[in-house]
1. Only one of these is in a loop (DSSP other than H, G, I, E, B) and either of a type in the set (A, V, I, L, M, F, W, C) or at pLDDT 90 or above (or both): ALA50, ALA39, ALA17, ALA54. Name it.
2. Could you tell me how many of the residues in region 445-463 are in contact with a helix residue (DSSP H, G or I) (Cβ under 9 Å, 6 or more places away or on another chain), crowded, with 16+ Cβ neighbours inside 10 Å and farther than 14 Å from MET393 by Cα?
3. Under 7 Å between Cβ atoms, which residue pairs at least 6 apart in sequence (or on different chains) link something in region 414-441 that is touching a residue at least 40 places away in the same chain (Cβ under 8 Å) with a partner that is not in a helix (DSSP H, G or I)?
4. If you check every pair at least six apart or on different chains, which have Cβ atoms under 6 Å apart with a residue in region 372-386 that is exposed (fewer than 14 other Cβ atoms within 10 Å of the Cβ) first and a residue that is charged (D, E, K, R) and modelled with pLDDT of 85 or more second?
5. Search region 69-106 for residues being of a type in the set (Lys, Arg) and within 19 Å of LEU27 (Cβ to Cβ), and hand back the single one that is surrounded by the most Cβ atoms within 10 Å (Cβ to Cβ).
6. Could you run through region 18-57 and say how many residues are farther than 18 Å from MET84 by Cα and in contact with a strand residue (DSSP E or B) (Cβ under 7 Å, 6 or more places away or on another chain)?
7. Checking SER324 against (1) over 30 Å from VAL192 (Cα atoms); (2) at pLDDT below 90, which test does it fail?
8. Identify, from the list ALA256, ALA247, the residue that is of a type in the set (A, V, I, L, M, F, W, C) and either at pLDDT below 95 or surrounded by fewer than 22 Cβ atoms within 10 Å (Cβ to Cβ) (or both).
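The values are calculated or read from the model by the stated rules, or taken from the named source; none is laboratory data. From a predicted model like this one, the values you see are computed outputs, not experimental measurements. In this analysis, Cβ positions are derived from the backbone assuming ideal geometry, glycine residues included, and neighbour counts consider all displayed protein chains.
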Amino acid sequence: MALPPLPSTSALLGQVAGAMSPPPPMLAAEAPLGEAVAALAAARTSALLAVDDAGRPVGILTEQDIARRVAFRLPPEAPLARAMSAPVVTCRADAGLWRAVALLHAHHLRHLPVVDAAGRCVGLLHRAEALAVVSGRMLGHLGALAGDDAALKRAQAGVAGALLAEGVPAPRVVALVSEINLDLHRRVLERVLAAHGPPPVPFTLLVMGSAGRGESLLRPDQDNGLILGDYPDAAHGRVDTWFRGFAEALNEALAAAGFPPCPAGVMARNPLWRKRLAEWQAQFGLWARRRSGAALLFADIAFDFRAVAEAWEGASGPRVQAASGERTAWGAPAPGPALRAALARALAEAPALLAALAEQDERLRVGLTFWGGFADHTPGPEHRTDLKLHGLMPLVAAARLAALQRGVAETGTEARLEALAAAGALTEAEAERLREAFAALLGALLRQQLADLAAGAAPGSLVDTGALDRAEQARLREALRAVRGFASATFAGFTGRLW
């Protein structure tokens, strides 16, 4: 099955399920080779799977296996297990296509079985078609993504740099970086859950802040929480004891994987960010009514939440899968949409929360001087501007407020701008100007972070604006002017202050 002719980054952001072919023939490992060869010929395919009683792949037989191990060597009645390659590398159907390409390249595979959450084969990915969407210079970086956590984080920067060099727009590159970060979150979750054993209740992992918007750069802090499945109040002591140790281990493992702890403590090990859906809903309502300093700080982070993984006790032990759809893997209504609806109700009942958030966010100053030059946020001879705090964040905050006011469910900044234009809150020209500003700011930040890493420093948000060429400086100034106009008008619409 050939992949559609999409740009490499667009295809890589898609799920494996959208690129796979139908499942190949499947037989028990004890089946005779004669039957296996006949099944391959009848299906006109180049691979066949050996599966266990539950339909999980235990080996793969390809045309190359037949040529190397069967022809003139094994009789037709020999079992399939004598000729198959095992163990078999697989990929989940809900994984990003980038991960499948990484596995194909790193393991020199021609076929990659695609499995569901229970490990059963649901499709097959072919090397030629999957790699057709990726340029040659990227394959080495993608192959490294199949390594351990540390290798994945190192390779992430290589992938980002290669895509930027190909001229891929910065928002698309950042979207892929974010998906890699989320995949790493799921890998860490699965590993920690396996070590701790079955959870007392199913739960959903949330990410917030830049991760929830799909706008993470190369070294994002942790912003995460857990929505726990329902349980009787009398069981709280037992349930919370388990989740206390589990959440501590999860946050430590994420820190070891390259996600520093959140300075504000927005992490699952904090009980404020680990509770049942009804308690999350009540918390949002409390913030809306009280509007304290802590509530506003937490709301700015939490309202960009996104459910990214589900965990539960399956028939064969603890299970983890990507969160998607209206129902969870264990059949309950998905908590993410329910929490989003609760947020909309809380804002409708207490709209003053948005005005309080606007009053807080209007303190975010854009990084331009009175004369139109770049603000310098570092001492010394170098001229560095914090384009995250004084460029990206005012745009993100203003787009969030305008979107929440109009009930927009999307959390990504570009998606919010598009929805605002569709609702008539922005003209198409205004939305396009802001999208260009968003791309310019992300591109400058990402290139600076890559330069920081190349220099052996931690990636940050202070961009050396003095080192940019005149065209890039002009583009950034125009971006900051667009952000300043949009943010000022948006905040003033809530606070009533024009200056």
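1. Exactly one of ALA50, ALA39, ALA17, ALA54 is in a loop (DSSP other than H, G, I, E, B) and either of a type in the set (A, V, I, L, M, F, W, C) or at pLDDT 90 or above (or both), namely ALA54.
2. Residues flagged as in contact with a helix residue (DSSP H, G or I) (Cβ under 9 Å, 6 or more places away or on another chain), crowded, with 16+ Cβ neighbours inside 10 Å and farther than 14 Å from MET393 by Cα within region 445-463 amount to 8.
3. Final answer for the pair search is ALA439/PRO169; LEU441/LEU387.
4. Partner pairs satisfying both residue conditions: THR378/ARG384.
5. Here the answer is ARG69.
6. Summing the residues that are farther than 18 Å from MET84 by Cα and in contact with a strand residue (DSSP E or B) (Cβ under 7 Å, 6 or more places away or on another chain) in region 18-57 gives 4.
7. (1)
8. Only one candidate qualifies: ALA256.
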